[in-house]
Each structure stands twice: as C-alpha cells, then as structure tokens.
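Below: one structure, written as structure tokens.
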C-alpha cells in the first residue's frame, strides 16, 4: 500500500504544481494539498491515520470533498471528452474534485483495512 499512497501523493503534488498560472490557483493548491498530505501520512506515518483526531478529520475531509464534487460537478454536456475538458475550466474543476474525493476515499479505506489487520 505504501507505493500506492506515494503515487497518489505525487499525483496530488503534480496537480498543485500545474495550478501556478491559474487565476484561482492558490485556492486549488490548498484543495489539492489536503489529499496530498493524507496520502503522505498514509505512506510514511500510517499509524497517524488511526489516532482519534485523524479518525474525525479524515471523514470530515472526505465529506467536504464530496460536497465540493457535487458543487463543482461539470454541467457541460460531454464533460468527460477531452475536447470539452481541455477547453472548459469548470469541467476540469469538477474532475479535479472527483479525483480529490477518490484519493481521500482510498486513504480512508486502506486505513480501515490496516486497522482490521492490527486487531
């Protein structure tokens, strides 16, 4: 699982880097940093995911990401086609929130599986 978490962390860091020229880049850098941090914790300090504060904060982050995904859900028809998301920023933002939610859900689900193995 460690390599999966490292890969997800690097993916989120890449997302952060490509925001440098976006008008609202700082906003999206902060959003993408949340799953990057959680993936790094899962990769390098997995026991931190099991402490009581993390057991509250991670689900709150997941709920916020799902809420953001609903809010930013692409309204453009055919948003999944490359010719659409390449040109329409709202489609990219919606897909970005989907990826954030997926990464957080992966970190959460692997923490749950790690926890069941320890007990």
Considering only segment 75-98, state which residues are in contact with a helix residue (DSSP H, G or I) (Cβ under 9 Å, 6 or more places away or on another chain), at pLDDT 65 or above and assigned to a helix (DSSP H, G or I).
91, 92, 93, 94, 95, 96, 97, 98
Just give me the residues in segment 1-59 being assigned to a loop (DSSP other than H, G, I, E, B) and farther than 22 Å from residue 93 by Cα, in sequence order.
1, 45, 51
In segment 46-65, which residues are at pLDDT 95 or above, surrounded by 15 or more Cβ atoms within 10 Å (Cβ to Cβ) and closer than 12 Å to residue 108 by Cβ?
58, 61, 62, 65
Can you confirm whether segment 99-114 contains a residue that is modelled with pLDDT under 90, within 17 Å of the chain's Cα centre (by Cα) and under 30 Å from residue 2 (Cβ atoms)?
yes
Among 16, 6, which is the only one that is under 15 Å from residue 111 (Cα atoms) and either surrounded by 14 or more Cβ atoms within 10 Å (Cβ to Cβ) or at pLDDT 95 or above (or both)?
6
I'm checking my understanding of the structure. Among residues of segment 4-15 that are in contact (Cβ under 8 Å) with a residue 12 or more places away in the chain and more than 11 Å from the chain's Cα centre (by Cα), which one is farthest from residue 28 (Cα to Cα)?
4
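The values are calculated or read from the model by the stated rules, or taken from the named source; none is laboratory data. In this text the structure is predicted, and so the values were computed from the model without any measurement. Ideal geometry is used to build each Cβ from the backbone, glycine not excepted, and the neighbour counts take in all protein chains shown.
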